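Some notes on the structure that comes next.
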């Protein structure tokens, strides 16, 4: 399976569009383009049973974030603070950057 170009990158602030965590906002911890998924801070919390190890001697049940589909999140523009679609723009030096559809500002500076 080949990697898909995502509209979301690590460090972006996003809003969840659907599912049990709808309308929650968080920062992207990891982008997984091969699986078309993103890991968002505080969203899609699952419980994982851990055996005792040297790091965690008592073991137990841990709560952690699980990846969600990238199509279920929308980027929040840093300048207008609104969830937005992105546009791809070519700069004069040949670089492609993301822009906000609402306010027109560049997202990647």
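Taking residue 31 as the residue in question, decide whether it is outside the structural domain of residue 85 (by TED's automatic domain parsing) and touching a strand residue (DSSP E or B) at 6+ places or on another chain (Cβ under 7 Å). So residue 31 fits the description; yes. Of all residues in region 1-17, those being at pLDDT 95 or above and either over 16 Å from residue 98 (Cβ atoms) or not in a loop (DSSP other than H, G, I, E, B) (or both) number 5.
Listed by position, the strands (runs of 3 or more DSSP E) contained in region 41-109 that have at least 1 residues being in the same structural domain as residue 30 (by TED's automatic domain parsing), free of Cβ contacts under 8 Å to residues at least 40 places away in the same chain and exposed (fewer than 11 other Cβ atoms within 10 Å of the Cβ) are 45-50, 60-65.
The values are calculated or read from the model by the stated rules, or taken from the named source; none is laboratory data. Note that the coordinates shown come from a computational prediction; the quantities given were computed from them, not determined experimentally. When we count neighbours, we look across all protein chains shown, and the Cβ atoms used for this are built from the backbone with ideal geometry, even at glycine.
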